[in-house]
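*Asks:* Here it is: the structure, laid out below.
Values quoted throughout were computed directly from the atomic coordinates according to the rules given, and no laboratory measurement underlies them. None of the values given here were measured: they were computed from a predicted structure. Cβ: placed from backbone, ideal geometry, glycine included. Neighbour counts: every protein chain shown.
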Amino acid sequence: MQDRAAKTRRLLIRSAAEVFDRGGFAGSSIGQICALAGVSQGALHFHFRNKQALGEAVQSAAVEILLCVTGQVPSWHPAPLQLLVDTSHALARRVAGDLVLRAGFGLGHDPGWAGAASPWRHWRDWVRGVLQLARRQGSLAPGVDLDDAVAAITAVMAGVEGLERDRAAARPAQSVTPFWRLVLPQLAADGVRGRIDAAGGARIDPAGDAAGGPPRAGGDSPSARRRHDGRPEGRHDGRYDGRHAPHACGAMTDGELCGVPVPYRELSGSAW
């Protein structure tokens, strides 16, 4: 019985996300959500007191998914700007294919919505944290204004999320690469600029070292094994070996989230 209730709750959240994604919060109704989910209004109100509570559940779920994609800001990274590029690509793909995440972002700038758990706040904070790490490690160009950089990188994800609603748009996630080609020459320090792949990722050979050519996302998460000095194992000559790529975050099945660590669930305030 408990599994059935949990399944119904997930179904309602996904259905609400789809309805909000299509018509916005103010333009959506409990009746539309129930019809899409195939449940009665009584069943909906057993789980959620009103439409506002459903919106809050959608945003909490979106924040969890986002945390799964980004992970936490690492204390050290062999190529923090490449991590930023890779994660933006991973997030753009996820926004394009995940209704819950896209609806959570959409609610964040919906004029009819008033909620607190916006994924935009986490994304901005994560981007700022990685840029600060890049500055500490000497990867950021001198004179880069962090506020301007955070605003620009946040805005490109808003563009991806908005373009995804336009079905005539040609694969909006592909707009991330041209953005980085324009921005990286101003963002990256001279010594690392030529080693950052705007298309994202790192290609790994069977031994776990960096293979030739442009990187491609993959490998272990940022929680990979660490050496005695606290740095992740792998190359430390400035070359990115791909072991610290964005978290792999598989597609949800029946509305279930990918494996999000328990502390992330607590941070997000999710009701999942």
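*Asks:* Can you give me the distance in nm between label points at R135 and R4, each placed 7 Å from the Cα along the Cα-to-Cβ direction?
*Replies:* 5.6 nm
*Asks:* While we're looking at this one, here's another question. Quick check: pseudo-label points 7 Å beyond the Cα along Cα→Cβ at L182 and A152, how many nm apart are they?
*Replies:* Reported label-point gap for L182 and A152 is 0.9 nm.
*Asks:* In what sequence, highest mean first, do 120-131, 177-188, 59-70 appear when ranked by Cβ atoms within 10 angstrom?
*Replies:* 59-70, 120-131, 177-188
*Asks:* How big is the Cα convex hull of the stretch 1-108 in projection, averaged over all directions, in nm²?
*Replies:* For the Cα atoms of the stretch 1-108, the hull's average projected area reads 8.0 nm².
*Asks:* Tabulate in residue order the Karplus-calculated ³J(HN,Hα) for the stretch 77-94, using 6.51 cos²θ - 1.76 cosθ + 1.60 with θ = phi - 60°, rounded to whole Hz; enter x for Gly and Pro.
*Replies:* Per residue, the Karplus-derived 3J(HN,Hα) values read 7, x, 8, x, 6, 5, 4, 4, 4, 4, 5, 5, 5, 4, 5, 4, 5, 5 Hz.
*Asks:* Let me ask something additional. Could you list which residues have their amide H under 5 Å from that of L140, counting only those 5 or more apart in sequence or on another chain, with H placed in the peptide plane?
*Replies:* R135, A189
*Asks:* Over the stretch 44-165, consider all pairs of different Cα atoms and compute the Kirkwood hydrodynamic radius from their mean reciprocal separation; express it in Å, one decimal.
*Replies:* So the Kirkwood estimate lands at 15.3 Å.
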